[in-house]
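Engineer: Starting off with a structure, shown below.
The values are calculated or read from the model by the stated rules, or taken from the named source; none is laboratory data. Here the structure is a predicted model, which means the values were calculated and not measured. In this analysis, Cβ positions are derived from the backbone assuming ideal geometry, glycine residues included, and neighbour counts consider all displayed protein chains. Only protein heavy atoms, including side chains, enter the accessible area calculation; ligands, DNA and RNA are left aside. Shrake-Rupley method; radii C 1.70, N 1.55, O 1.52, S 1.80 Å.
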Amino acid sequence: MAKTALRKDIIDGLRVGSPIAMGYFAVAFSLGIIAVHAGLTAPLGFLSSFFTRASAGEYGTYTLVAVQAAYVEVVVMCLVVNLRYMLMSAALSQKIAPGTSWFHRIMMALCITDEVFGVSVAHPGYTPPAYTYSAALISTLFWASGCAMGIMAGSLLPDAMVTALSMSLYGMFLAIIIPQARSDRNVLYAVTASFVLSGLFAVLPVVSQLNSGMRTVVLTILISAVAAWLKPINVESDGKS
């Protein structure tokens, strides 16, 4: 019975991870083109993307490497841009069944990307580790492969096509959150607030001086805190939410 459940979790993870993987490949391909200017080879691009899996973080890294920035600048930039994953890890911890080992908890946190987090928290009840692992594995392989192939392609593609490819990730993320927003009015309010406040934060005098990663962190804390205070989620004893 346990093996059957494990097999189902793996298959379900691969199923929800497959569309994520296709979107990742397209965006990572454009990142690979940027990585060419940083002097990365295809194998290095594959490794960096496999262990990073963050479009903003990789873009910033490749850009700084291209201008020969100091190591500390690269580290600080990646830390700030990717701080949101710490918040996502904390949120995902509430979807992990009691009694799950620390090893699985840490590994699930390491698997987090925006989209893998989205499908993991949307899983009914507690999220099995194998489900998150499978979704992360197939999407990571496509992400890393896309970056490597983008590096090999170099700068042969026109700028318009590169720009179009870079927008596919955002469209895919919308496809993840829209069904949840349609079924839960509170999620819809939170999503709407995130769009409005993100636009305001990009133009308001003080907060617009923050980089996009820090603005994302501030907004995530603000919106999630208000939503949790006004509309807390009641979790039943059987793990269903």
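Engineer: Going by the conditions given, is LEU6 in a helix (DSSP H, G or I), touching a helix residue (DSSP H, G or I) at 6+ places or on another chain (Cβ under 9 Å), closer than 28 Å to TYR126 by Cβ and open to solvent by 50 Å² or more (accessible area, probe 1.4 Å)?
Structural biologist: yes
Engineer: Could you please let me know if LEU64 is under 10 Å from CYS147 (Cβ atoms) and part of a helix (DSSP H, G or I)?
Structural biologist: Against the criterion (under 10 Å from CYS147 (Cβ atoms) and part of a helix (DSSP H, G or I)), LEU64 does not qualify.
Engineer: Can you name every residue in the range 58-68 that is open to solvent by less than 20 Å² (accessible area, probe 1.4 Å) and hydroxyl-bearing (Ser, Thr, Tyr)?
Structural biologist: Result: TYR62, single match.
Engineer: Moving to a separate point now. Taking the range 69-88, which residues are surrounded by 17 or more Cβ atoms within 10 Å (Cβ to Cβ) and part of a helix (DSSP H, G or I)?
Structural biologist: Within the range 69-88, VAL74, MET77, CYS78, VAL80, VAL81, ARG84, TYR85, MET88 qualify.
Engineer: Any residue at all in the range 149-159 that is within 14 Å of TYR24 (Cα to Cα) and modelled with pLDDT of 95 or more?
Structural biologist: no
Engineer: Right, something else. VAL206 is checked against (1) touching a helix residue (DSSP H, G or I) at 6+ places or on another chain (Cβ under 8 Å); (2) modelled with pLDDT of 80 or more and fails just one. What number does that condition carry?
Structural biologist: Condition not satisfied by VAL206: (1).
So that you can scan it fast, the table gives a plain yes or no per residue for (1) open to solvent by 60 Å² or more (accessible area, probe 1.4 Å); (2) without any contact (Cβ under 8 Å) to a residue 60 or more places away in the chain; (3) more than 20 Å from LYS8 (Cα to Cα):
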position: ALA90; (1), (2), (3): no, yes, yes
position: GLY99; (1), (2), (3): yes, yes, yes
position: TRP102; (1), (2), (3): yes, yes, yes
position: ILE112; (1), (2), (3): no, yes, yes
position: PHE117; (1), (2), (3): no, yes, no
position: VAL121; (1), (2), (3): no, yes, no
position: PRO124; (1), (2), (3): yes, no, no
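Engineer: Being at pLDDT 75 or above and open to solvent by 50 Å² or more (accessible area, probe 1.4 Å): is that true of VAL196 here?
Structural biologist: The answer is yes for VAL196.
Engineer: Run MET108 past the list (1) of a type outside the set (S, T, N, Q); (2) within 15 Å of the chain's Cα centre (by Cα); (3) open to solvent by 30 Å² or more (accessible area, probe 1.4 Å) and report the number of the one that doesn't hold.
Structural biologist: It is condition (3) that MET108 fails.
Engineer: With the structure loaded, tell me whether ALA181 is open to solvent by less than 90 Å² (accessible area, probe 1.4 Å), at pLDDT below 85, farther than 30 Å from PHE50 by Cα and in contact with a helix residue (DSSP H, G or I) (Cβ under 7 Å, 6 or more places away or on another chain) or whether it fails that test.
Structural biologist: Against the criterion (open to solvent by less than 90 Å² (accessible area, probe 1.4 Å), at pLDDT below 85, farther than 30 Å from PHE50 by Cα and in contact with a helix residue (DSSP H, G or I) (Cβ under 7 Å, 6 or more places away or on another chain)), ALA181 qualifies.
Engineer: Are any residues in the range 28-57 among the hydrophobic types (A, V, I, L, M, F, W, C), more than 18 Å from CYS78 (Cα to Cα) and open to solvent by less than 30 Å² (accessible area, probe 1.4 Å), and if so, which ones?
Structural biologist: ILE33, ALA42 - these are the residues of the range 28-57 that are among the hydrophobic types (A, V, I, L, M, F, W, C), more than 18 Å from CYS78 (Cα to Cα) and open to solvent by less than 30 Å² (accessible area, probe 1.4 Å).
Engineer: Would you check if GLY171 is at pLDDT below 85, closer than 22 Å to GLU58 by Cα and either surrounded by fewer than 16 Cβ atoms within 10 Å (Cβ to Cβ) or of a type outside the set (A, V, I, L, M) (or both)?
Structural biologist: The answer is yes for GLY171.
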